[in-house]
Amino acid sequence: MRTATSNDHTWPKLLVSLTAGMLLIFQVGCGGGGNNFTPAAAPPAPPPISAPPPPPLPAATAARFLEQSTFGPTPELIAHVQTTGLQGYLDEQFAAPISTYDEPAAASPLAPVQARLVVNALNDPDQLRQRVAFALGEIMVISGDKINTADAFVPYLRVLHADAFGNFYDLLNDVTLSPAMGHYLDMVNNDKTTLDAKIGPNENYARELMQLFSIGVVRLNMDGTVQIGSDGNPIPTYDQDIVEGFAHVFTGWTYPTKPGATLAKHNPPYYSGPMVALQSNHETGSKLLLNGVTLPPGQPTDKDLSDALHNVFNHPNVGPFIGKQLIQHLVTSNPSPEYVKRVALVFNDNGAGVRGDLRAVITAILMDPEARRDSAGQSQPGDGHMKEPLLYMTSLLRGLHATSDGKAVVANSVAMEQNLLHPPSVFNYFPPNYQIPGTTTLGPEFKIWDNATSVARINFANSLVYGSLGSGTTVDLSSLVAQAGDPAKLLDQLDAEFTHSQMSTAMRGAILTTISGITDTRRRTQAAIYLIVTSSQYQVQH
Amino acid sequence: MTVSRRDFLRLSCCSAAVGMAANFSKFGLINAMAAPADDYKALVCIFLFGGNDANNMVVPLSSADYGNYAKVRGALALPQASLLPVMPPSAGAPFGLHPNLPELQSLFNQKKLAVLTNVGVLVKPVTRAEYLARSAAVPSHLFSHADQQAQWQTSIPSGISDTGWAGRTADKIEAIYGKPTFPTVVSVAGTNIFCDGINTHPATVSPDSSQLLSGFNGSAESNARMSALQQLLTFDSGMSLIQAASGTTANALKNGDLLAKALASVTALATPFPATTLGKQLSQIAKLIQVRAALGLKRQIFFCSLQGFDTHSDQLNHHQALYSQVAPAMAAFENATIEMGVEPQVTSFTLSDFGRTFLPASGGGTDHAWGSHQFIMGGAVQGGDFYGKFPSLVLSGPDDTGDEGRWIPTTSLDQYAATLASWFGVPATDLPSVFPNIGNFASPTLRFLG
C-alpha cells in the first residue's frame, strides 16, 4: 500500500457542521494524490455549505475547549474563541507560526531549553501545536537523563513541533532518524552482526518503536479494545523474532556527517539533521517484519528503513493506539470505544484517502461529541484527565497573567515527578494504561499523583498566589483584587477563568463562606484563588 | 515436570569469621545481638528499574567458567582480577561480585547478604524444549519492560492485576495485626502497583521534603482556609477522577500530619547515608522504621527504586555508576538497622525487570532477557551463600530461550516473594491467595531466611 509521504501533504478542506450535533463532515478533496487507500464507507461528499454567521459561543464552551487545546485558558483567549468559534480557532492554530528555540551551542546545558519550553507554553500563540507536540514527546520519548545537551535535544523538539500537524509517517520517519533518538535508543552506530565478535544488532529501538511509538504489544480492534485469541489471551502483535528483524533493519546508521568531515562507520556525535546511512555497515540478510512480511536480502539501508517504517505505519493498530493516547493527553483518560473508533477511522482515512493525517486526527479528537460535552450536566463519571504537572503550572500562570522566565516551573516540576525533559525512561512519566488503584478507571497522570506530589502541587499554588516563587516569576493580582469588594463577583470571574463557569454549587458555597470572612480584599482574592486552584475540580481537567 | 529449581547443598561449616566493619559501633553490635524487644518486622524492596544485567553482577571465577564468560562477553567482560571474590559454600566454587560492590562483598562475608540466582517471573517451571515448542505457559510479553515490571510487582505473570504482592501481603498481615492508622506499605519512589492491596492502600513519602502544606500560620483566617480546603476534598462531584484525586490529597494531609508528629518525637539517626537518589530513599525508610512505634506499626513494607539499568549501550560505565550508588546505600541502610537495634527484623531485597542477554549487543551493552540474580540483605538472612541454581552460561545451552543468552528462570519470583512474605508473617495457608501460582512450584518457599 502506498502511503502518504512528505510530498503529498494536501489537506482536505474540513467543514464543520455546527448544526448537526457537532458532527464533522470531511469533504473529499483532491488531495488523495494517487493513494490507493479506499475507506470501506466513505461519506458522500456533501453539497457545499454556505457558512451561516456562527452563533455566539458560550464562554464555558470556549474555556473547556481551551483547556483541551492549550496550556491554559486566559480571559482574553476565551473571549477570542467565543468570536472565532471552535473550528475558526483550530484553523488559526493550524496556521500559527511555530514557536522557536534558540540555536544551541555544542554541548551546552539543557536547563535553558527546559525554561524555554515553559516560556513558549506560557506565551507563544501556537498553543495547540505545542500541546500536541508535548503529547507526542510523551509517546515518542527521549530523556535528558541521556540526551543531556541542548544541541542534541533541541533538534528533536523541532521535529515534534514541525510534524505535530503533519503526517504520522513523516513523524515516525523523522523520529527514527533523529540523532537524539538514535542515541537515546541506540540505533545510532548500530552495527551489523560481526561473526568473529559474535555481537548482534542492538534491539532497543526496534522493540520500543513497536511497543511504545506505534502499535503496542497486543492487537487492537479499531475501537481500541484488545483482540482476544482462541486461547482466551490477548493476541501479541509481535514476538522476539520480529524484534530481531527490525533490529537488523535499523543497522548501518550513524550521526550526521559534520560539515567538512567525511562519512565514517561511526561518525562522531553530531545532532544537526537526520542520521545518515552507511551501506557497508548494514545487515544484508532478509528481515522478518510485522504481519508476515519479510524484506528480501540485499536491499539498500534506506530502502529497508522505509519499507519497515511503512510496515509499521500501515499496521491496523496505529490508529487506535496513537489516537487513544492523543485523546487521553488532550481530552479524557477514559474515552468510550466509539470515540476511539471515530478518531482511529479518521487516522486511517482523513476523508481524502490519506492515512495518518494528524491535523485531521486532532480535529476529530477535539470536535468529537464526547469531547464537546460542554453543557453543565453532560459530563460522564470517567470524563476528564488529571492535569499533568506542566499543564497544571502553566494553566495557573496563564490564568493569572503571570510573567515568568520558566525557571520556577522547571524547578517545581521535579517534586511533582515531572522533571521537565527528563522522564525516567522511554516509558514516560506515566503509562497510558495506568489504572487508578482500587478502580477500573484509567488515569495515566495518576501514576505521578500521590501523597507527595499532591502536596507539592498545592504548595506550588501557595507560593504563586502568596508571592514566593522567586524573582523570575511575578504575578499581578491587582485587577482581581479590584473586584474583590464583592466576593460573589470575584468568584464569578475566577469561575470563568479556572473552572469554565461550571463550579459546583457546593464548592462555590464553601469558598464564598470562607472568603466572605476575610475583609482585606487582597487576602480575600488570594484565598479564593488558592482554594479554587488547589481543588481536585481544578487539578482534573474535565 | 518435577522440580524446576535445585538448591545447592548447603554446607554447614563456617567460612572464616569476618570482623565487623569498623564503623559498626559497640552500641549497635549489642543491639543487633539482643533479642528483639518488640514483635516488629519490615521488608524493604529495592527495585532496579530497567533490567539489571546480573551476568556482570555475579560472575563465575573458576578458570574454566570465567574463560567461557570472557569469551562470550568480549569487551563487556570484567577483568578477572577486578572481581570481588566470594565463596558461596553451596556452590563449591568461587564467584566474583562486580568491582563496584565492595560493601556488598563485605556483607556477604558477614553472612548478612545472600544471592538468589536465576530467579524470574514464571507461570510454572519451563524447559528450553518446552519454550521453543511453545508448549508451556510463560509470562505474557516476555522481554517487555512494562509487562515484566508489573509481573515482578504483582506476581501475576499474565493478564492484568490491580494489586501487588506487597499490598496483598499487607492485607493478610492487617487481618492479623489490625488496621493501623498509618499505612503498612510506604513507597518513597512514587506510586507502584507493588504496594496496592485489596484492602490496604500505601502512603507515598517523598525522600526529600516534608509532606506538609505550606502557608498556614494558625491564624483564624488561615484555619478557615484550611478547613475549606479539607471540606472541598469531601464533595462528591460524581466524577471518578476528581473523587480519586481528592482521596489521594486527603490521605496525603492525614499521613503527612501523622508522620510529622512521629518524626518530631525522635532524634535523628547517627548513621550517615550517601546523598544519592537511592541513599536518600533508604535514609527516609530508616526514619520511617525509627518512628514505627509512634506510628503504631508492627509490620512495615517499603518500596524504593533506582532507574537506569536498561543498559543497551555503554554498559560498563553505566554499571560502574549504578553499582557505586547501590552498594554504599544498601550498606548504610544495614548500618542504620544496627543503630536502631532492628537488624534481624528488617530484610531488604532487590527486584528488577529482567536479566539481560549474555551475548552483548552492538553499542557495548545488552538487550532484554529473563532470569537474573537478586540480593537479599539483613540480620535474618542466611547470608554468605547462593540459593537457587546458577544458570549454565552457554549460548543455545539448556537455560537459553534462543541463542543470545536469555536465561530461563529456574526459581520463580513467587517462591522468592513467598519466602519473604512467610518470614514477614503471612500464614502458609494464605500464600496461595497472595501468590496464585505458588502451587505450580515444588517448594513454595526457599531457605535463605532459615
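The values are calculated or read from the model by the stated rules, or taken from the named source; none is laboratory data. Please read these numbers as outputs of a predicted model, since none were measured by experiment. Methodologically, a virtual Cβ is constructed for each residue, glycine included, from the backbone with ideal geometry; neighbour enumeration extends over all protein chains shown.
Worth a mention:
- Residue within region A:424-436 that is within 25 Å of B:Leu212 (Cα to Cα) and either hydroxyl-bearing (Ser, Thr, Tyr) or not in a loop (DSSP other than H, G, I, E, B) (or both) present: yes
- Residue in region B:127-136 that is touching a residue at least 40 places away in the same chain (Cβ under 8 Å) and part of a strand (DSSP E or B) present: no
- Annotation note: of A:Asn221, A:Asn190, A:Asn202, the sole residue that is at pLDDT 95 or above, out of contact with any Leu (no Cβ under 9 Å at 6 or more places or on another chain), farther than 24 Å from A:Thr100 by Cβ and buried (at least 24 other Cβ atoms within 10 Å of the Cβ) is A:Asn190.
- The set of residues in region A:484-525 being of a type outside the set (D, E, K, R), at the interface with chain B (Cβ under 9 Å from one of its Cβ atoms) and either under 34 Å from the mean Cα position of the chain (by Cα) or buried (at least 16 other Cβ atoms within 10 Å of the Cβ) (or both) consists of A:Ser504, A:Ala506, A:Met507, A:Ala510, A:Ile511, A:Thr514, A:Ile515, A:Ile518.
- When B:Gly50, B:Gly67 are checked against the criterion of being among the small types (Gly, Ala, Ser), modelled with pLDDT of 95 or more and closer than 29 Å to B:Lys287 by Cβ, a single residue qualifies: B:Gly50.
Yes/no matrix, rows are residues, columns are (1) on the phi > 0 side of the Ramachandran plot; (2) surrounded by fewer than 22 Cβ atoms within 10 Å (Cβ to Cβ); (3) of a type outside the set (Ser, Thr, Tyr); (4) within 14 Å of chain A (Cβ to nearest Cβ):
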| site | (1), (2), (3), (4) |
| --- | --- |
| B:Ala294 | no, yes, yes, no |
| B:Cys304 | no, no, yes, yes |
| B:Gln320 | no, yes, yes, no |
| B:Glu334 | no, no, yes, no |
| B:Gln374 | no, no, yes, no |
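- Within region A:313-325, the set of residues being hydrophobic (A, V, I, L, M, F, W, C) and either outside any helix (DSSP H, G or I) or surrounded by fewer than 24 Cβ atoms within 10 Å (Cβ to Cβ) (or both) comprises A:Phe313 only.
- A:Gly166 being touching a residue at least 12 places away in the same chain (Cβ under 8 Å), more than 10 Å from chain B (Cβ to nearest Cβ), surrounded by fewer than 24 Cβ atoms within 10 Å (Cβ to Cβ) and under 24 Å from A:Asn311 (Cα atoms): yes
- The set of residues in region A:463-478 being closer than 16 Å to A:Tyr530 by Cβ and part of a loop (DSSP other than H, G, I, E, B) consists of A:Tyr466, A:Gly467, A:Ser468, A:Leu469, A:Val475, A:Leu477.
- The helices (runs of 4 or more DSSP H) falling completely within region A:173-264 that include 1 or more residues that are of a type in the set (Gly, Ala, Ser), under 27 Å from A:Val154 (Cβ atoms) and within 13 Å of chain B (Cβ to nearest Cβ) map to A:179-184, A:204-211.
- Residue check, B:Pro202 modelled with pLDDT under 95, under 23 Å from the mean Cα position of the chain (by Cα) and under 20 Å from B:Ile285 (Cβ atoms): no
- Of the residues making up region B:223-240, those that are touching a helix residue (DSSP H, G or I) at 6+ places or on another chain (Cβ under 8 Å) and surrounded by 18 or more Cβ atoms within 10 Å (Cβ to Cβ) number 7.
- Applying the criterion of being of a type in the set (Gly, Ala, Ser) and in a loop (DSSP other than H, G, I, E, B) to the residues of region B:257-313, the residue that is nearest to B:Gln345 (Cα to Cα) is B:Gly296.
- Residue in region A:423-435 that is more than 13 Å from chain B (Cβ to nearest Cβ), touching a residue at least 60 places away in the same chain (Cβ under 8 Å) and either surrounded by fewer than 24 Cβ atoms within 10 Å (Cβ to Cβ) or under 22 Å from B:Asp147 (Cα atoms) (or both) present: no
- Members of region B:46-65 that are part of a strand (DSSP E or B) and away from every other protein chain (no Cβ under 14 Å): B:Ile46, B:Val58, B:Val59, B:Pro60
- Flag if A:Pro125 is part of a loop (DSSP other than H, G, I, E, B) and out of contact with any helix residue (DSSP H, G or I) (no Cβ under 9 Å at 6 or more places or on another chain): no
- Meets criteria (of a type outside the set (A, V, I, L, M, F, W, C) and on the phi < 0 side of the Ramachandran plot) for B:Ser209: yes
- Residues satisfying the stated conditions in region B:192-243, i.e. part of a helix (DSSP H, G or I) and either more than 7 Å from chain A (Cβ to nearest Cβ) or of a type in the set (Asp, Glu) (or both): B:Ile193, B:Phe194, B:Cys195, B:Ala220, B:Glu221, B:Ser222, B:Asn223, B:Met226, B:Ser227, B:Gln230, B:Gln243
- For A:Arg373, the conditions (1) in contact with a Ser or Thr (Cβ under 9 Å, 6 or more places away or on another chain); (2) touching a residue at least 12 places away in the same chain (Cβ under 8 Å); (3) surrounded by fewer than 24 Cβ atoms within 10 Å (Cβ to Cβ); (4) assigned to a loop (DSSP other than H, G, I, E, B) all hold with the exception of (2).
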